[in-house]
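For reference, the structure is listed below as C-alpha cells.
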Amino acid sequence: MPRRDPNRVWELVHGYQALASRFPQFTLTEIGVVERFGLRFPVLAGSVGDGPRSAIILAGTHGDEIAGPLALRQFWEDAATHAMLARCRILFLPLINPVGYARGIRGNGNVDLNRHFERPTAQPENEIVLDFLRRERAELLVSLHEDVSAHCFYMYESGVRERALFSQIIADDVALLDAIESQGYAVCAGNQVDGNYNRNGLVVSNPGSVRASRSGALEPTLLRHGVIRRVVGFETPGRLPLSDRIQQQLVALRHVLESFLV
Ligand SMILES: [Zn+2]
C-alpha cells in the first residue's frame, strides 16, 4: 500500500499556480473542493488559448495512474504547446481525484469514480467534473489513464459517427500508435479490453452499447448526453518506469491535438 502523501497533490496545485502567474493567458479556477479522510484539496480547472477549435483534457481520474497528471503538467512547459494555442482553446482538469492521488489508490477511497458517473450514489468529485463539462462544451475530450498491469500502450477512440471523418480519425490514431512504437515502446495488439476488441493498440468502443451505458464511465456518459462528440483515451503501461510512461503520454497528447487541429 503506497504511503499517503498530501504533498504530491500540493506539488501539482502549486505548479499550476506558478504556471498561471507566469503566463497571463493561462486561467486557473477552483471548481470545487474535495474533503475525505482528513484530507482537503481543491479541484482545479484550467483554460488556455483562444483559437476557434476547442478540446478538453482530463487527468487523474484514477489516483494510482500518476503519469497522466505529471505529463500534463510538463506539457505546458513545451514551446510547441504554446505555438498550438493560437489555433485552439484547451480546457483541462489536471487532477480529478486528488484524494486518490494523495493516497496512491485507484478510487477516491470508497469507489472507482469512473464507474459512478451515472449512478444515484454520485460522488462529489464526479458532480464537480460533470458540472464543469456541462458548462464548457468542446469538440474533443482527451482522457489520460494508465493500465497498471500492462507492459504495452493502447488507446480508445469513441463517439465519431460521421463516416468520412471516421476513416481519417482512425488513420490519425494509427499514426499516433506508430509514433509510440517509433520511440521504441510496445503497443498492445489483439487483446480484449473490457469486452471491446483491441486491434493493434486501438480500441474503438461504441458509447451506445448496453455495456457502455451500464459501465458508469465518464466517456459514454458525456457522449450519450451530447456534452462531447469525440472522446480519446490513452492507457500507458504501468509496468514501465514512470519516465517512459510520461514520455508516452506526451507523445500521444501532442499527436492527437496536432491531428485534431489540421
Ligand atoms: Zn484509469
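Each reported figure results from applying straightforward, stated rules to the coordinates on display, with no laboratory input. This one's a predicted model, so the numbers in the text were calculated from it and none came from an experiment. We place every Cβ from the backbone using ideal geometry, glycine too, and count neighbours over all the protein chains shown.
Stretched out straight at 0.36 nm per residue, the stretch from L242 to A122 would grow longer than its current Cα-Cα span by 40.0 nm. In percent, rounded to a whole number, the relative contact order of the chain is 21, using alpha-carbon pairs under 8 Å and six or more apart.
Roughly how big is the range 6-260's charge dipole about its Cα centre, with Cβ charges of +1 (Lys, Arg) and -1 (Asp, Glu), in debye to the nearest 20?
500
Mean residue ellipticity at 222 nm, helices only, the chain: -12000 deg cm²/dmol; runs of at least 4 DSSP H residues each add -39,500 (n - 2.57), and the sum is divided by the number of residues.
Let me know the shape class of the range 94-194, please: from the alpha-carbon gyration tensor, a ≥ b ≥ c as square roots of the eigenvalues, rounded when a/c is under 1.5, otherwise prolate if a/b is greater than b/c, or oblate. Judged from the Cα gyration tensor, the range 94-194 comes out oblate (a/c at least 1.5, b/c at or above a/b).
When the Cα gyration tensor is reduced to axis lengths a ≥ b ≥ c, the ratio a/c is 1.5 or higher for the range 1-77, and with a/b above b/c it is classed as prolate. Rounded to the nearest 0.05, the FRET efficiency derived from the C-beta distance between A171 and W10 at R0 = 30 Å is 0.10.
Taking a point 7 Å out from the Cα of E162 in the direction of its Cβ, the residues of the range 115-145 whose backbone N falls within less than 16 Å of it are 138-141.
What is the chain by shape, rounded, prolate or oblate, if you read a ≥ b ≥ c off the alpha carbon gyration tensor as root eigenvalues and call it rounded for a/c under 1.5, prolate for a/b larger than b/c, and oblate otherwise? Working shown, then result.
Numbers: a/c = 1.27, a/b = 1.15, b/c = 1.10.
Judged from the Cα gyration tensor, the chain comes out rounded (a/c under 1.5).
Shown is the FRET efficiency for N196 and V148, computed with R0 = 22 Å from the Cβ-Cβ distance and rounded to the nearest 0.05: 0.75. Of the peptides 27-40, 154-167, the ranking by mean beta-carbon count within 10 Å, highest at the top, reads 154-167, 27-40. Cysteines of the chain lacking any other cysteine Cβ under 4.7 Å from their own Cβ: C88. Of all complete DSSP H helices in the chain, those with a Cα span along the helix axis of 20 Å or greater and a mean Kyte-Doolittle hydropathy of 0.5 or more are 163-182.
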